[in-house]
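Chemist: Please see the structure below; I have some questions.
The values are calculated or read from the model by the stated rules, or taken from the named source; none is laboratory data. In this text the structure is predicted, and so the values were computed from the model without any measurement. In this analysis, Cβ positions are derived from the backbone assuming ideal geometry, glycine residues included, and neighbour counts consider all displayed protein chains. Accessible surface is based on the protein model in full, side chains and every heavy atom, while ligands, DNA and RNA are left aside. Shrake-Rupley method; radii C 1.70, N 1.55, O 1.52, S 1.80 Å.
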Amino acid sequence: NPYALLGGIVTLTVFLTHGAVFLALKTDGGIRERARALALKLGLVAAVAAVAFLAWTNASLPAFNGLVFGLSVLVAVFWVIGLFAMLKVREGWSFIFSAATIATFVATLFYALYPRVMPSSISSKFDLTITNASSTPYTLKVMTVVAVVMTPLVLIYQGWTYWVFRKRVSASQISNPEMGILDTVH
């Protein structure tokens, strides 16, 4: 349906922009400039699509919901700040606000759908809700233990890898940037 397609376009353009922002943050030289230019172009497309999608989401609610509307406005504000930071060559701030946009966007959709997880296209009595979609209490206990043990390990590993790869990369650091990956394998 058109709403789902628009949501797909929003998701695609937002994550492509976020990736381009990260690429601009972690590279230097021509790669950085191309990533910045791409992030700005895609960011504008994502902004238009996201405003349309969030307006449609707010309009489709059974009644006005101030929190969903407020979160929608916050999504737009975060995105504009992120794009402005990219325009001012502040990739770090742009990345932070891009990530905040994504988190707030997801929170907005979850709150707008609550208590539904997935609405039915047939009838609301067939909606998948948090109650009928949840796992058994035993499964939830096991998953809690696994999450408590594994989440700190994943965060430590991610922090370590970010620290190791914290410097910008440029084409000049590659022995022959003109040579493709297939040319190096003989």
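Chemist: Here are the criteria: (1) open to solvent by 80 Å² or more (accessible area, probe 1.4 Å); (2) within 27 Å of Ser124 (Cβ to Cβ). Tell me which single one Gly8 does not satisfy.
Modeler: Against the list (1) open to solvent by 80 Å² or more (accessible area, probe 1.4 Å); (2) within 27 Å of Ser124 (Cβ to Cβ), Gly8 comes up short only on (1).
Chemist: So which pairs qualify, if the first residue must be in region 1-18 and more than 16 Å from Phe95 (Cα to Cα), the second must be β-branched (Val, Ile, Thr), the Cβ gap must be under 8 Å, and the two must be at least 6 apart or on different chains?
Modeler: none
Chemist: Continuing with this model, one more query. So, Leu61, is that one of a type outside the set (S, T, N, Q) and without any contact (Cβ under 8 Å) to a residue 60 or more places away in the chain or not?
Modeler: Answer is yes for this residue.
Chemist: Which pairs turn up if I take residues in region 121-146 that are at pLDDT below 90 and among the hydroxyl-bearing types (Ser, Thr, Tyr) and look for partners that are part of a helix (DSSP H, G or I) and surrounded by 10 or more Cβ atoms within 10 Å (Cβ to Cβ) with beta carbon separation below 8 Å, at least 6 apart in sequence or on another chain?
Modeler: Close Cβ pairs satisfying both conditions: Ser134/Leu140.
Chemist: So which residues in region 131-155 are surrounded by fewer than 12 Cβ atoms within 10 Å (Cβ to Cβ) and closer than 23 Å to Leu61 by Cβ?
Modeler: Thr131, Asn132
Chemist: Look at Phe95 and say whether it is of a type in the set (Phe, Trp, Tyr) and more than 20 Å from Leu61 (Cβ to Cβ).
Modeler: In short, yes.
Chemist: Right, something else. Quick one: count up the residues across region 47-75 that are open to solvent by less than 40 Å² (accessible area, probe 1.4 Å) and within 17 Å of the chain's Cα centre (by Cα).
Modeler: Qualifying residue count, region 47-75: 8.
Chemist: Would you point out the residue of region 166-186, among those that are surrounded by 10 or more Cβ atoms within 10 Å (Cβ to Cβ) and not hydroxyl-bearing (Ser, Thr, Tyr), that is modelled with the lowest pLDDT?
Modeler: Pro177
Chemist: Still on this structure: Which of the following residues is touching a residue at least 24 places away in the same chain (Cβ under 8 Å), in contact with a Leu (Cβ under 8 Å, 6 or more places away or on another chain), open to solvent by less than 80 Å² (accessible area, probe 1.4 Å) and not in a strand (DSSP E or B): Phe78, Phe95?
Modeler: Phe95
Chemist: Test each condition in (1) charged (D, E, K, R); (2) surrounded by fewer than 20 Cβ atoms within 10 Å (Cβ to Cβ); (3) under 20 Å from the mean Cα position of the chain (by Cα) for Arg36 and report the one that comes out false.
Modeler: (2)
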